[in-house]
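First up is the structure itself, then whatever we jot down about it.
The values are calculated or read from the model by the stated rules, or taken from the named source; none is laboratory data. All values reported here derive from a predicted model rather than from experimental measurement. Positions of Cβ are backbone-derived with ideal geometry, glycine not excepted, and every protein chain shown enters the neighbour counts. The accessibility values were calculated without ligands, DNA or RNA, using every heavy atom of the protein model including side chains. Shrake-Rupley method; radii C 1.70, N 1.55, O 1.52, S 1.80 Å.
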Amino acid sequence: MIRGLIFDLDNTLVDSRLDFDAMRREMGIPADTPILESLERLSLEDAARCREILHRHELAGAARAILLPGVEGLWTEVERRGLRSAIVTRNSLPVAQATLEKVGLTVELLLTRDCGPTKPDPWPIRTTCEQWSLEPAEVVVIGDYRFDIECGRAAGARTVLLTHCGTPHLYPNDEEADLVLSSLAEFPRLLAWIDGLGS
Ligand SMILES: [Mg+2]
């Protein structure tokens, strides 16, 4: 039986129009490489410069963030059903908090890259489960990127991939997701799937 939902933030719950390619260009790091991991390989000086670029983009994203379709409806159902809810994001704590404040969303637990190892590491999922005293099999990780699926699976949770306009095969690990939805606008399908998993 599913008792908790763990959401990615950007492009899952909110649209903050973060342009990761523009960030990479400005930082001078190769396309298609994960930004946080790239920064760890730079000199201290370069990494500091890139962190400033990242923070500026993320802060601007928080200021323009809007809730994605379906999130309000899903939140009502989450509360009605007494499901636990958490957000696990590679964004920073101050920016994630500013984003949630901007869109007026409250969540029980928020784990960011400032809290510990970040996705695709399963640490934030395991930590959430420990805090809730739940088994990973009792939670669902929901996100729009391969790291969301990878960290959920590595922790032993069920996973839901949101493809937005893309088709699932564009995502390297789509076949590993337990459910594929276009977005949370399809939340009734998500809830029906959860109900189908039974107790
Ligand atoms: Mg995302």
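A few remarks follow.
- Candidates in the stretch 36-49 are the residues that are in a helix (DSSP H, G or I) and open to solvent by 70 Å² or more (accessible area, probe 1.4 Å); of these, the one that is farthest from Thr112 (Cα to Cα) is Glu45.
- Condition met for Leu54 (within 16 Å of the ligand (Cβ to nearest atom) and either open to solvent by 50 Å² or more (accessible area, probe 1.4 Å) or within 30 Å of Arg158 (Cα to Cα) (or both)): no
- Any hit, the stretch 3-17, residues being more than 16 Å from the ligand (Cβ to nearest atom) and assigned to a strand (DSSP E or B): yes
- For the stretch 21-35, filtered to residues that are surrounded by 15 or more Cβ atoms within 10 Å (Cβ to Cβ) and either within 12 Å of the ligand (Cβ to nearest atom) or not β-branched (Val, Ile, Thr) (or both), the residue that is modelled with the lowest pLDDT is Pro34.
- Here Ala60 clears all of (1) within 16 Å of the ligand (Cβ to nearest atom); (2) open to solvent by 30 Å² or more (accessible area, probe 1.4 Å) except the condition numbered (1).
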